[in-house]
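> My structure is below; once you've seen it, I'll send some questions.
The values are calculated or read from the model by the stated rules, or taken from the named source; none is laboratory data. Keep in mind it's a predicted model, so treat the numbers as computed, not measured. Glycine also receives a Cβ, built like all others from the backbone with ideal geometry; neighbour counts cover every protein chain displayed. Just so you know, the surface numbers come from the protein's heavy atoms only, side chains and all, with ligands and any DNA or RNA stripped out. Shrake-Rupley method; radii C 1.70, N 1.55, O 1.52, S 1.80 Å.
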Amino acid sequence: MIGGGIAGLASAALLARDGQRVTLLEAGDTLGGRAGTWTDQGFRFETGPSWYLMPGVFDHFFRLFGSSSAEQFELRRLDPGYRVYFEDTADPIDVRAERADNIALFESIEPGAGAALDRYLDSAEDTYRMAVSRFLYTSFQSFRPLLVRDVLTRIGRLARLLLQPLDKFVAGFVTDPRLRQVLGYPAVFLGSSPDQTPSMYHLMSHLDLADGVLYPLGGFTRLIDSIADLARAEGVEVITGARVTSITTTPGTRPGASKRLRASVAGVSYVDRAGTTVRLAADRVVSAADLHHTETELLPEPLQSYPESWWQHRVSGPGAVLVLLGVTGELPKLQHHTLLFTSDWGENFGRIFGKTPSVASPASFYVCMPSATDPGVAPDGSSNLFLLVPIPADPGLGHGGIDGAGSPAIEAIADDAIGQLADWAGIPDLADRIVVRRTIGPGDFADDLNSWRGGALGPAHTLKQSAFFRGSNVSSKVDGLYYAGGTTIPGIGLPMCLISAEILLKRMRSDTSTGPLAEPLPRRGSVPVPVRVTVPLHPESDGIAGSAGPAGSSGASGFGAPSAS
């Protein structure tokens, strides 16, 4: 297993429980991948995911191991779920935890919008249930299981939801631009924009406007620790500081393999903490690292299912500037989650995804203040802020740094965001109260996470990059090579990464069913331990297929700091 982010850990745990002997290799010193942490002066910042949505997916995953989310950590329901500030509008909107309260909120802003939201959420819930039962938990290895009554009777509606963009769909329900933005912003969770995201994804509104937003006390690193503990309990061997440099192969395939396949996996080569190259033999290899990195850096070109030419026709999700701020005093104008939306919504997204990308100012961006809920993330009487400013995916924009030491362009974006937040939220002394500051830019995502184009999320969920169009979780050239994580199916986000682990197991079992696996997952006997052999520093001289990748090629490391994961 290459990569110790949530997808790699979850995949390793499931495969071990299913009887595989699993070794997980992680380039960094700690686990978590994008879900990393950084601490300074009593502030603990998370450098990645911060929204706990789709709670049923998390609970299902833990129940596969005979546990539950409630047993693993304490969840807090946020109310308000989040606050939204709008450009040129004095009063923010607080989105509540209960569906009925949000219907009343919409009605108070636009007469008739309450009933419209009620219909919208009915549709969102129906689409969400359909997605979970028929589309999210399948590898699309076979389309026959999709030819069932509940899908066929909805085929016309599903086609419209796939072909109509989200912004047009939303416009059919409400007219107030602020309400349209509230219903359209979930496209950002999918690494896309409302005009490029299929309206199928309006199902996301069921999650925040009806189900509500949760938060695990201890943060998302507590979630990572829980899954890592499950993996180790199932017998997974975890090796950190192990930078995978190549996926090794042998000519030919095993009996019964597709004729399209050209080789079989033999294992991987990695460089350990001491700088020694180790060859690890294995019957199967799963890469939960960035798919672009896996294909173009860890495999020779003839064995690449997704070569560089394929990626040239893909759309990346946005890049991001992350701004981690330790602030003295409390900030009552902000909620745990706060969003800032500019008036010219389309122009803002056009700057990120257009043919001539640039950085918008003012920008629509996101602020997380976990200290509103979790007292352990900041010293008493202080506030912890995490700003995420979407920008074009371009590592050339630079790297972040501590106390303003990042690339000039990255620090300027951070300064603008701090000033905009202070102005819009009415916190005029915000900049003066900052005692800890760190920035992270696209260059860091590229260097530390091997992220394609320095993107913060992965390939965008446009029509051509959703569901079975997104790609496969198995190599079409190498027998025994599989993929997991946000850059493959089903897509972006922590819940999707957990699902990717489950459909990986189903793929290996040749299970073409479309729903979640039965709970709990029976524990099966294990197979022999993979063979680890120390070899000379230049694996290519020993006849090992593949090419050496850059630092961190096993995927999930941190953002350069020793304490980050």
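> Hey, how much of the P(r) for segment 427-497 falls beyond 16 Å, as a percent of Cα pairs? Before the final figure, lay out the partial values.
Values: 1590 of 2485 pairs.
Summing the P(r) of segment 427-497 above 16 Å gives 64 percent of all pairs.
> Calculate the all-directions average of the projected area of the chain's alpha-carbon convex hull, and give it in nm².
Value for the chain: 24.4 nm².
> Roughly how big is segment 330-420's charge dipole about its Cα centre, with Cβ charges of +1 (Lys, Arg) and -1 (Asp, Glu), in debye to the nearest 20?
Values: 3 positive and 10 negative charges, 60 e Å.
Approximately 280 debye in magnitude.
> Can you compute 3J(HN,Hα) from phi for each residue in segment 359-370, using the Karplus curve 6.51 cos²θ - 1.76 cosθ + 1.60 with θ = phi - 60°, rounded to whole Hz and x for Gly and Pro?
These are the phi-based 3J(HN,Hα) values: 9, 7, 8, x, 10, 7, 8, 10, 10, 10, 10, x Hz.
> Quick one: of Lys259/Lys464; Lys355/Lys464; Lys168/Lys506, which pairs are farther than 29 Å apart, Cα to Cα?
Lys168/Lys506
> For the chain, with all protein chains present and a 1.4 Å probe, just round the carbon and sulfur fraction of the accessible area to a whole percent.
Heavy-atom surface of the chain belonging to carbon and sulfur, 1.4 Å probe: 53 percent.
> If you don't mind, another one. Using only Cα atoms, what Kirkwood radius does segment 1-61 have, in angstroms?
Across segment 1-61, the inverse of the average 1/r is 13.4 Å.
> Quote the Stokes-Einstein diffusion coefficient, in whole µm² s⁻¹, for segment 333-427, based on the Kirkwood radius over alpha carbon pairs, a temperature of 4 °C and a viscosity of 1.567 mPa s. Walk me through the numbers on the way to the answer.
Numbers: Rh = 14.6 Å.
Translational diffusion coefficient: 89 µm²/s.
> If you add up the charges near Thr296, with Lys and Arg at +1 and Asp and Glu at -1, over every other residue whose beta carbon is less than 14 angstrom from its beta carbon, what do you get?
Neighbour charge sum, excluding Thr296 itself: -2.
> Something else now. Working out 0.36 nm times the residue gap between Ser309 and Ala412, then minus their Cα-Cα distance, what length gain in nm do you get to one decimal? Walk me through the intermediate numbers first.
Working: separation 103, 0.36 × 103 = 37.08 nm, distance 3.40 nm.
Full extension of this stretch gives 33.7 nm more.
> Further question: So for the chain, averaging the separation of alpha carbon pairs under 8 Å that are six or more residues apart and normalising by length, what relative contact order in percent results?
Over the chain, the number comes to 27 percent.
> Ok, one more. Under 13 Å from the Cβ of Arg509, count the other residues' Cβ atoms, weight Lys and Arg +1, Asp and Glu -1, and hand me the total.
+2
> With r as the distance between the Cβ atoms of Asp101 and Ala159 and R0 = 35 Å, compute the FRET efficiency 1/(1 + (r/R0)^6) and round to 0.05.
0.55
> Using the heavy atoms of the protein chains alone and a 1.4 angstrom probe, what is the accessible area of segment 198-308 per residue in square angstrom?
Values: 3880 Å² over 111 residues.
Dividing the accessible area of segment 198-308 by its residue count gives 35 Å².
> Given R₀ = 35 Å, what would the calculated FRET efficiency be for Arg254 paired with Leu146, taking r from the Cβ atoms and rounding to 0.05?
Here the calculated transfer efficiency is 0.75.
> List every residue whose amide H lies under 5 Å from the amide H of Thr248, counting only residues 5 or more places away in sequence or on a different chain, with H placed 1.01 Å from N in the peptide plane.
Excluding prolines and chain starts, which carry no amide H, the hits are Ala266, Gly267, Val268, Ser269.
> State, as an integer percentage, the relative contact order of segment 6-131 based on alpha-carbon contacts under 8 Å between residues 6 or more apart.
On the way: 83 pairs, mean separation 11.4, N = 126.
9 percent.
> Place a point 7 Å from the Cα of Arg433 along the Cα-to-Cβ direction; which residues of segment 358-376 have their backbone N under 17 Å from it?
Residues 367-375 qualify, since their backbone N sits under 17 Å from the label point.
> Provide the per residue accessible area, probe 1.4 Å, for segment 321-478, rounded to a whole number of square angstrom.
Normalised by residue count, the accessible surface of segment 321-478 is 36 Å².
> Once the other residues with Cβ under 12 Å from the Cβ of Val367 are scored (Lys, Arg +1; Asp, Glu -1), what is the net sum?
It works out to a net charge of +2.
> Accessible area per residue of segment 1-158 at 1.4 Å probe, in Å²?
Heavy-atom accessible area per residue stands at 38 Å².
> Along the Cα→Cβ direction, 7 angstrom out, place labels at Asp423 and Ala281. What is the inter-label distance in nm?
Modelled inter-label distance: 6.5 nm.
> Could you calculate, for segment 134-289, the ratio of the Cα radius of gyration to the Kirkwood radius, expressed as Rg to Rh?
1.09
> Hey, got a sec? Which chymotrypsin sites (Phe, Trp or Tyr not before Pro) in segment 37-113 land in a DSSP loop and have at most 10 other Cβ atoms within 10 Å?
Answer in residue order: no site qualifies.
> Restricting to bridges with both residues inside the chain, how much of the DSSP beta-bridge set is antiparallel, in percent to the nearest 5?
75
> Helix-only mean residue ellipticity at 222 nm, the chain, DSSP H runs n ≥ 4 weighted -39,500 (n - 2.57), per residue, nearest 500. What is it?
About -8000 deg cm²/dmol.
> Label points 7 Å out from Cα along the Cβ direction at Phe468 and Thr175: separation in nm?
The modelled label-to-label distance comes out at 4.2 nm.
> Let me cross-check Lys333: its accessible surface, 1.4 Å probe, with only protein heavy atoms counted, in Å² to the nearest 10?
Accessible area of Lys333: about 90 Å².
> Using the Karplus curve 6.51 cos²θ - 1.76 cosθ + 1.60 with θ = phi - 60°, what ³J(HN,Hα) values do you get for each residue of segment 134-145, in whole Hz, with x for Gly and Pro?
10, 10, 6, 9, 10, 8, 6, 5, 9, 8, 4, x
> DSSP loop (so not H, G, I, E, B), at most 12 other Cβ within 10 Å: list which GluC sites (Glu not before Pro) in segment 58-122 pass both filters.
Answer by residue number: Glu74.
> Given H placed 1.01 Å from N in the peptide plane, which residues other than close sequence neighbours of Tyr82 have an amide H under 5 Å from its amide H?
The answer is Val95.
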